[in-house]
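Here the structure is laid out as C-alpha cells; the discussion comes afterwards.
The values are calculated or read from the model by the stated rules, or taken from the named source; none is laboratory data. Computed from a prediction, not measured in an experiment: that's the story for all the values here. Neighbour counts run over all protein chains shown; Cβ positions are idealised from the backbone, glycine included. Heavy atoms of the whole protein, side chains included, go into the accessibility calculation; ligands, DNA and RNA do not. Shrake-Rupley method; radii C 1.70, N 1.55, O 1.52, S 1.80 Å.
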Amino acid sequence: MRIRWSQVVLCMLGCFAYLQSQTPTPPTKISAERIREAMTIDGNLLEQAWQGPGLTNFTQRLPNEGAPPSQKTEVWLAYDDEALYVAARMHDTAPDSIIQVLGRRDADMTADWLKFYIDPYHDRRSGFYFNLSAAGTMQDGTLYNDDWDDDSWDGVWEGRARIGKDGWTAEMRIPFSQLRFHPAEKYVWGANFSRSIGRAIEKDYLVYTPQKESGFVSRFIDVIGIEKIAPPMNIEVLPYVTSRAEYSQRPHGDPFNDGSKYSPGIGADFKIALGSGLTLNGTINPDFGQVEVDPAVVNLSDVETFYQEKRPFFVEGANVFQFGQGGSNNFWGFNWGNPNFIYSRRIGRAPQGGIPSHDFVDMPLGTHILGAGKITGKVGGDWNVGMIHAATSREYANIQTSGRQEEFEIEPLTYYGVGRVQRDFDDGRQGIGFLTTFTNRFFSDGRLQDAINSRALVGGIDGWQFLDSAKTYVVTGWGAFTSVSGSQSRITSLQRGSRHYFQRPGLSQFQVDSGATSLSGYAARFTLNKQKGAMQLNAAVGLISPGFDVDDLGFSWRTDVVNYHIVSGYKWTDRTEFYNNVRFDVAAFGSNDFGGNKTWQGYFFRGNIEFPNFYEFSLIQAYNPYTIDTRSTRGGPPMLNPIGREWDINVGTDSRKSVVMNMFAFTYLGGGGEQFQGGLEIEFKPLPNILLSLGPDFGRNLNQAQWVGSYSDPTAVQTDGTRYVFADFDQKTISANIRLNWTFSPQLSLQFFLQPLLSSGNYRDFKHFAKPRTFEFGTYGSGSSTITLNQDGTGYSVDADGAGPAPGYSFSNPNFSFASLRGNAVLRWEYRPGSALYLVWTQTRSDNESVGEFRFGRSMNRLWEIKPDNIFMLKFTYWWSP
C-alpha cells in the first residue's frame with residue numbers, strides 16, 4: 001500500500017486540531033457588570049447579575065497540568081458604587097463528596113475552595129486574595145513579588161457558601177474601601193480565579209502558572225467594565241477595651257507582689273487612606289499583648305533565640321518591608337544567617353538595663369509602647385513605600401534590699417523608625433529599593449549608657465535584573481551598612497560580645513578598640529536563580545563584615561562571614577503510574593571568615609517524591625569535611641571542626657484523610673559529637689469542624705566539646721593565657737505541641753495550645769582546650785591535673801597542674817533538668833464584620849534543678865506539683881467606618 005505524504009500531513013494536522021480542541025483556552029478578560037439591585041450575600045445566587053452565562057474557561061494545574069477540569073466552574077463579577085461582588089457556581093457530579101471542613105479564619109486545610117485574586121493597581125506584581133471554602137471558612141491576604149502571598153492582612157468583607165444538589169455556590173462582597181487603586185474614568189484591573197477540589201487534590205485556574213515556570217500575578221486576565229467609581233476616603237477606627245488578671249506565685253515577704261495583678265485598658269487602632277495610594281495605620285495606647293504564647297526553649301548557644309512576631313499591628317503588611325528578596329522566587333542558603341533588618345519584637349522588648357543585687361524586685365516584662373504608626377502604599381504611580389514610627393516609654397524597676405526600697409531606670413525612652421521604598425521597571429524585569437532604620441535612645445540615667453547603645457543607623461539598597469527576555473534567569477542583590485554609637489564602655493562591650501568577638505587572639509584585620517565610641521560594618525549578598533524549567537539552578541555569594549550590627553531594630557545570627565553556594569537539580573511534574581512529581585537537588589557550599597579561615601564546607605543531596613496515593617517522601621544527605629571553628633571558644637582561639645555527616649528523612653501521608661501523619665528523623669554524626677532528633681505530627685479530624693494535632697518530639701545531643709567557661713591562667717601559653725573549659729555533654733529532650741481547633745461557625749472558634757517540655761543536660765569529663773586549630777583537650781583529673789566536686793554538689797574546683805604554678809578555678813555545677821508546661825486557650829467571636837470579642841487564658845509552669853540525669857516520671861511529677869502562673873484576658877473591639 002502506497003502512503004502519500006499529503007495524507008500523513010493531513011492526518012497530523014487533524015490530530016493536532018483534535019488535541020487543541022481538548023485543551024481549554026484561557027480567557028483574556030472578564031467583564032464586571034454594574035448592578036442597580038440590592039445584593040444579599042447568602043450564597044443562593046438569586047440576583048439578576050448571576051443569571052447570565054458565567055466564565056467557565058478553567059484549566060487544571062494539578063494533578064494533570066493543562067487538562068480540562070473534572071468538574072465545571074462558573075464565575076461572575078459585578079459592582080456598584082461601594083463594592084465589588086463575586087459569585088461562583090461549582091458544579092459537582094458527586095456533591096456528597098465535597099469536603100466541607102470548617103476552620104478558623106485563614107486556616108489552611110485540604111477542602112473544597114473558591115479563590116478570587118485581584119490586582120487593582122494593575123501593576124502585575126501585587127494584589128489581594130479572597131478565599132471561601134464550601135463550609136464557609138474565609139481566607140484573605142496580599143500578593144507581592146508576582147509569586148508570593150502573605151495572609152497577615154485581614155480585610156473587612158463578606159462571604160457565604162451553600163451546598164446544593166448539583167454542587168456548591170459561593171458569593172462575596174468586597175468593599176472598595178478594602179482595596180487600593182488609582183482614580184480613573186474607566187478601570188482595567190487584573191484578576192484570576194481558582195477552584196480546589198479536595199477529594200482529588202485538584203486545582204483549576206482561569207489562568208495558571210505551569211509547575212516548571214514562575215509568575216502568577218503577571219498572568220492575570222483583565223477586568224473591564226468598571227467605571228464611574230472613585231477610591232473611597234477610607235477611615236476605619238477600632239476602639240477596644242481590655243481587662244487582664246494575673247495570678248502568680250508570691251515569694252514569701254515580697255512587698256511588690258501579693259499574688260495577683262489587675263490591668264484594665266482602653267485604646268484604639270485606626271486606619272486612614274491618605275489619597276488613593278497610601279494608608280496610615282496608627283494606634284493610641286496600644287494593646288500589644290500577644291494572644292499565643294511563645295514556645296519554651298533550652299538555649300545553650302551564644303546566639304539569641306529568635307521568636308516569631310505575633311502581634312497583628314506588626315505582622316500585617318510586613319512584606320512591604322522585606323529587603324533583598326525581590327525578583328527571584330527562590331533563595332537558598334547553607335549556613336547563611338541572612339540578617340533580619342526589621343525584627344519588630346525589638347519594639348516593646350524586655351528592659352535591657354541591669355539592677356543591683358536585691359531581695360525582691362518589681363519590674364515590667366516588656367517596655368510599654370506609647371504609640372506607633374505605619375504608612376504603606378504607592379506614591380508616584382509605581383513606588384511602593386512603607387514607614388514605621390514607634391516610641392517606647394522609660395521603664396523602672398523597684399527593688400528591696402534588707403528592707404530598703406530603691407528605684408532604678410532599666411530602659412530609656414526610645415524612638416524607632418523605619419523607611420522603605422521600592423520600584424520595579426519594564427514589567428518587573430528590573431527593580432530597585434532602599435531601606436533605612438534608625439534607633440535613638442534618650443537617657444536620664446548615665447549608668448544605662450554603658451549597657452545600651454545610644455543610637456543605631458542602618459541603610460541599604462536592593463534590586464534585581466532579569467538577564468533574558470523570557471524572564472528565565474534573574475540576579476538579585478542587596479548591600480547594607482550599619483553604624484552604632486554609644487559610650488566607650490558600651491562599644492568596647494559590644495566589640496567583645498558574641499556577635500563580634502573582636503578579642504579573638506591572632507586577629508590582624510580587626511581588634512578591640514577600647515577608645516571607640518562607634519562601631520560600623522557592611523554586608524551584601526548576590527543571587528543568581530533560574531526561575532523556570534525542569535532544570536534548577538541557584539547560586540549565591542554573601543558577606544557580613546565583623547563590625548556589622550543591626551540588632552537595635554533587627555536580628556543577626558553571625559558576622560565575620562563570607563558565604564557561597566551553588567545548587568542544581570531537576571524536577572519531573574508529569575504524572576505517571578509511579579509518581580505525581582519527583583525532584584532532586586545537589587549542592588556544594590562553604591564559608592570563610594575575613595581572616596581566610598574556612599569555617600564551613602559541605603556537599604548536599606535532597607530528593608523528594610509524591611506518590612499517586614499522595615504520600616510524600618524526602619531524603620536529605622550532607623557531608624562536611626574538616627573546617628575551622630572560630631566560635632566555640634567564645635572569643636578564644638580557633639578550634640578544629642571534625643568531619644560530619646547528616647541524614648534527614650521525612651514521610652507524609654494523604655492530607656485528605658481524617659488522620660494525617662508526618663514523620664521525620666534527623667541525625668548528625670561527627671563534628672565533635674552526635675545529634676539525633678525524631679518526631680511525629682498527627683492530625684485527627686473526628687468532625688468537619690474539629691482538628692486535633694499532636695506533635696511529640698525526642699532529641700538527643702552528645703557533644704564532646706560543650707562550653708562551660710573560661711578563666712585567666714598565665715601558664716596556658718598555647719591558648720594565650722586563658723583556660724577554655726569544656727565537657728562531654730549528654731542532653732535529652734522530650735517535647736510536644738498539642739493543638740485543638742474547634743470551629744463552631746466561620747465567626748466563632750475555640751483554640752487550645754499546650755506545650756510540655758522536659759530537657760536534661762549531664763556534663764562530665766571536664767577538660768580544657770589544649771592547642772589552637774586542633775580538637776585536643778586536657779582532661780581534668782588525669783595526669784597532674786585535679787578536679788573536685790563540692791560537698792553539696794553545687795560546684796567544681798579544677799586545677800590544670802595540681803601543685804604546679806597554674807592557678808585553680810571554680811565554677812558551678814552546670815547539670816540541669818528543666819521542666820516546662822505552657823498553654824493557652826483562645827475563644828474568638830467575630831460578632832460583626834471587623835469586630836471581635838476575645839477571651840484568653842494562659843498558664844505557665846516551669847522548674848529547674850541541678851540534676852543531669854533524665855528522669856521522665858520525676859519531671860512529670862514536678863510539673864504537676866508546681867503551682868502555675870495564670871493570666872486571664874478579655875478584649876472587646878468594635879470596627880467602625882463612616
| task | Skip the ligands, DNA and RNA, and give the accessible area per residue of the stretch 769-882 with a 1.4 Å probe, whole Å². | result | 53 Å²
| remark: Carbon and sulfur atoms account, in whole percent of the 1.4 Å probe accessible area of the stretch 28-105, for 44 percent
| task | Give the whole-number value, in cubic angstrom per residue, of the convex hull volume spanned by the C-alpha atoms of the stretch 31-190. | result | 128 Å³
| task | Over the residues of the stretch 509-549, compute the C-alpha Rg and express it relative to 2.2 N^0.38 Å. | result | 1.95
| request: Using only Cα atoms, figure out Rg for the stretch 99-209 and give it as a multiple of 2.2 N^0.38 Å. | output: 1.09
| Percentage of interatomic Cα-Cα distances in the chain larger than 53 Å | 20 percent
| By what distance, in whole Å, do the Cα atoms of the stretch 229-277 stretch along each of the three principal axes, largest value first? | 67, 16, 12
| request: Could you estimate the translational diffusion coefficient of the stretch 361-449 from the Stokes-Einstein equation, with Rh from the Kirkwood formula over C-alpha pairs, at 20 °C and 1.002 mPa s, in whole µm²/s? | output: 132 µm²/s
| Using every alpha carbon pair in the stretch 32-86, what percent of pairs falls into each 5 Å bin from 0 up to the bin containing the largest distance? | 4, 17, 24, 18, 12, 12, 9, 4, 0
| remark: Using alpha carbon centers only, the stretch 332-386 is separated from the stretch 35-68 by a whole-angstrom value of 44 Å
| What value does the stretch 525-597 have for Rg/Rh, both radii from Cα atoms and Rh as Kirkwood defines it? | 1.18
| Okay, helix-only estimate at 222 nm for the chain: each DSSP H run of n ≥ 4 adds -39500 (n - 2.57), divide by all residues, round to 500 deg cm²/dmol; what do you get? | -1500 deg cm²/dmol
| request: Give a quick list of trypsin sites (Lys or Arg not before Pro) in the stretch 123-221 that DSSP marks as loop, anything other than H, G, I, E or B, with at most 11 other Cβ atoms within 10 Å. | output: Lys165
| field | Residues with amide H under 5 Å from that of Glu202, placed H, sequence gap 5 or more | value | Ile197
| said: Give me the three principal axis extents of the stretch 709-861 from the C-alpha atoms, as integers in angstrom, largest value leading. | reply: 78, 33, 21
| Mean shadow area of the stretch 758-811, taken as a quarter of the surface of its Cα convex hull (nm²) | 5.3 nm²
| query | What is the Å³ per residue value for the convex hull set by the Cα atoms of the stretch 146-209? | reply | 169 Å³
| task | Diagonalise the Cα gyration tensor of the stretch 528-687 and give the resulting equivalent ellipsoid semi-axes, square root of 5 times each eigenvalue, largest first, whole Å. | result | 35, 20, 17
| remark: For the stretch 158-270, dividing by residue count, accessible area per residue (probe 1.4 Å) in Å² works out to 44 Å²
| Over the stretch 551-646, equivalent-ellipsoid semi-axes from the Cα gyration tensor in Å | 37, 16, 12
| Using θ = phi - 60° and the Karplus form 6.51 cos²θ - 1.76 cosθ + 1.60, what ³J(HN,Hα) does each residue of the stretch 178-193 get, whole Hz, x for Gly and Pro? | 8, 9, 10, 7, 7, x, 7, 6, 10, 9, 10, 10, x, 8, 7, 10
| task | Please arrange Leu754, Leu619 by accessible surface area, largest first, computed with a 1.4 Å probe and ligands excluded. | result | Leu754, Leu619
| said: Take Ile284 and Glu853, extend 7 Å from each Cα along the Cα→Cβ direction, and tell me the distance between the two endpoints in nm. | reply: 6.2 nm
| task | Taking only the C-alpha atoms, wrap a convex hull around the stretch 314-413 and report its volume per residue in Å³ as a whole number. | result | 133 Å³
| query | Which whole-Hz couplings ³J(HN,Hα) result when phi for each residue of the stretch 200-212 is put into the Karplus expression 6.51 cos²θ - 1.76 cosθ + 1.60, θ = phi - 60°, listed in order with x for Gly and Pro? | reply | 10, 6, 9, 10, 10, 10, 5, 9, 10, 9, x, 5, 9
| remark: Scalar couplings 3J(HN,Hα) for the stretch 704-719 by Karplus 6.51 cos²θ - 1.76 cosθ + 1.60 (θ = phi - 60°), nearest whole Hz, x for Gly and Pro, are 7, 9, 8, 4, 10, x, 9, 8, 6, 8, x, 7, 7, 5, 5, 10
| message | Counting pairwise Cα distances across the stretch 840-882, what percent come out greater than 15 angstrom? | response | 62 percent
| note | In nm, the gap between the two label points placed 7 Å beyond Cα toward Cβ at Ile866 and Leu640 is 4.2 nm
| request: Report, by chain and number, residues whose modeled amide H sits under 5 Å from the one on Asn815, excluding near sequence neighbours (fewer than 5 apart, same chain). | output: Tyr763
| task | Rounded, prolate or oblate: pick one for the stretch 188-308, where a ≥ b ≥ c are the square roots of the eigenvalues of its C-alpha gyration tensor, a/c under 1.5 means rounded, and failing that, prolate if a/b is larger than b/c, else oblate. | result | oblate
| query | Just from the alpha-carbon atoms, what are the Rg and Dmax of the stretch 657-787 in angstroms? | reply | 23.3, 73
| task | Counting only DSSP beta bridges with both residues in the stretch 32-87, tell me the antiparallel percent, nearest 5. | result | 60 percent
| message | Between the stretch 559-582 and the stretch 633-691, what is the separation of their alpha carbon centroids in Å? | response | 19 Å
| remark: Counting only protein heavy atoms with a 1.4 Å probe and every protein chain in place, the carbon and sulfur fraction of the accessible surface of the stretch 380-487 in whole percent equals 55 percent
| So what is the orientation-averaged projected area of the stretch 178-221, using the convex hull of its C-alpha atoms, in nm²? | 4.7 nm²
| message | With a 1.4 Å probe and all protein chains left in place, how much of the accessible area of the stretch 838-882 comes from carbon and sulfur atoms, in whole percent? | response | 57 percent
| field | Alpha carbon convex hull of the stretch 480-602, projected area averaged over orientations, nm² | value | 10.0 nm²
| If one takes the longest principal axis of the Cα atoms in the chain, at what angle in degrees, from 0 to 90 and to the nearest 10, does the Cα axis of helix 5-22 lie? | 70 degrees
| query | How high is the relative contact order of the chain, in percent, with contacts defined as C-alpha pairs under 8 Å that are six or more residues apart? | reply | 8 percent
| said: I need the semi-axes of the equivalent ellipsoid of the stretch 404-448: take the C-alpha gyration tensor, multiply each eigenvalue by 5, square-root it, list largest first in whole angstrom. | reply: 45, 8, 6
| task | Work out, step by step, the length gained on full extension between Val475 and Gln488: first 0.36 nm times the residue separation, then minus their alpha carbon distance; give nm to one decimal. | result | 0.6 nm
| query | Kirkwood hydrodynamic radius of the stretch 439-539 from all distinct Cα pairs, in Å? | reply | 16.7 Å
| request: Could you check the simple spin-label distance between Lys165 and Val717, using points 7 Å along Cα→Cβ, in nm with one decimal? | output: 9.8 nm
